[in-house]
Amino acid sequence: MRRVFDEELRELNQNMITMGMYCENAIVVASRALEKGDVEAARQFPALLEQITNYNRDIENFCIRILLQQQPVARDLRTVSSALKMVTDMERIGVQSADIAEIVTMANISAMSDTQVICKMADSAVDMVKNALDAFVTGDIEKARGVVDYDDVVDNYFNEEKTLLIRDFASRDCNGETVLDMLMIAKYFERIADHAVNIAQWVIYSITGEHCA
C-alpha cells in the first residue's frame, strides 16, 4: 500500500513540475512581450493558458483522490494539501501573465518614454516565480525564504513605477490611456510576485509544518 502511495506522490510531484514549467514560461513570455513590444509572442497565450488550466484541474482532482483513498497523515498530508494550494497560485500566475500579454497587444507601449523601472519589476517577478518553483522541486527552504523576503523589492519597484506614471499623467502631452495600461501591467506583476510568495510559503509549510504569514 505504501509503495502505491509513494508512486502517486512521485506522479503528483512530476505533474507539479510540468505545470510549473508552463507557468514559468508564461511569465517569461509576458515579460519579454512587454520589454520588446513582441505582440506575436503575446498572442501565443491562449494555448499556453489552456495547458496551465488543464494541469490545474487534473492536479486538483488527483490530490482529492489521494486524500480520499490514501488518507495521508503528517508530512504526506502537508505535501498533498500544499500542492492543492500551490496549483491555485500557479494558475493565477498564468492568468495574470495572459492579462499582461493582452494589454501589450493593444497598448501603445512605445509611447512611454521610460519603461526601465517596470522592466526591472518584470525581471524581479520572473526571478521570484523561478526561485519559488525551484524551491518546490528541490525542497530548498532557504531559497523559499529568499523569495518571501524579496517581495519587498518588487513592492518598491511598484511604488516607484506608480510615482512615475502619476508624473506622466500630469504631463500635457501624456497619453492617459497608455499610462493606465502601464499601471495595470505593473499591478499584475505585483500580484504575480505575491503568488510566488504564496508558493514559497507553502513549500516551507510542506517541509516544516509551519506557515509564515
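The values are calculated or read from the model by the stated rules, or taken from the named source; none is laboratory data. Model, not experiment: these values are computed from the prediction. Here the Cβ positions follow ideal geometry from the backbone for every residue, glycine too, while neighbour counts run over all protein chains shown.
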- Query: From the residues in segment 72-97 that are among the charged types (D, E, K, R) and either closer than 12 Å to VAL203 by Cα or assigned to a loop (DSSP other than H, G, I, E, B) (or both), which one is farthest from the chain's Cα centre (by Cα)?
  - Reply: ARG75
- Quick one: is ILE109 crowded, with 19+ Cβ neighbours inside 10 Å, modelled with pLDDT of 95 or more and either among the aliphatic types (A, V, I, L, M) or in contact with a strand residue (DSSP E or B) (Cβ under 9 Å, 6 or more places away or on another chain) (or both)? no
- Restricting attention to segment 20-52, the residues that are more than 21 Å from GLU190 (Cα to Cα) and modelled with pLDDT of 90 or more number exactly 2
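Kindly indicate which of VAL87, VAL117, VAL80 is within 23 Å of GLU161 (Cβ to Cβ), touching a helix residue (DSSP H, G or I) at 6+ places or on another chain (Cβ under 7 Å), surrounded by 14 or more Cβ atoms within 10 Å (Cβ to Cβ) and of a type outside the set (Asp, Glu). Please lay out each step first, then the result.
On the way: VAL87 fails: within 23 Å of GLU161 (Cβ to Cβ); VAL80 fails: within 23 Å of GLU161 (Cβ to Cβ).
The conditions single out VAL117.
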- Task: Test VAL153 against the stated conditions and say whether it is touching a helix residue (DSSP H, G or I) at 6+ places or on another chain (Cβ under 6 Å) and within 30 Å of ASN15 (Cα to Cα).
- Result: no
- Where ILE185 falls short, out of the listed (1) surrounded by 22 or more Cβ atoms within 10 Å (Cβ to Cβ); (2) within 30 Å of LEU9 (Cβ to Cβ); (3) out of contact with any Asp or Glu (no Cβ under 6 Å at 6 or more places or on another chain): (2)
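What's the total number of residues in segment 186-212 that are part of a helix (DSSP H, G or I), hydrophobic (A, V, I, L, M, F, W, C) and more than 14 Å from the chain's Cα centre (by Cα)? Break it down stepwise before answering.
Here is the first cut: in segment 186-212, the ones part of a helix (DSSP H, G or I) are 186-208.
Restricting the remaining residues to those that are hydrophobic (A, V, I, L, M, F, W, C) gives 186, 189, 192-193, 196-197, 199-200, 202-204, 207.
With the extra rule that they be more than 14 Å from the chain's Cα centre (by Cα), the set shrinks to 203-204, 207.
Looking only at that region, the number is 3.
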- Query: Can LEU68 be described as assigned to a helix (DSSP H, G or I), out of contact with any Pro (no Cβ under 8 Å at 6 or more places or on another chain), surrounded by fewer than 16 Cβ atoms within 10 Å (Cβ to Cβ) and among the aliphatic types (A, V, I, L, M)?
  - Reply: yes
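Residue-by-condition table, conditions (1) within 22 Å of MET86 (Cβ to Cβ); (2) of a type in the set (Ser, Thr, Tyr):
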position: VAL137; (1), (2): yes, no
position: ASP151; (1), (2): yes, no
position: TYR157; (1), (2): no, yes
position: ARG167; (1), (2): no, no
position: ILE185; (1), (2): no, no
position: ALA200; (1), (2): yes, no
- If we keep only residues of segment 128-178 that are more than 27 Å from GLU24 (Cα to Cα) and touching a residue at least 60 places away in the same chain (Cβ under 8 Å), then the residue surrounded by the fewest Cβ atoms within 10 Å (Cβ to Cβ) is GLU177
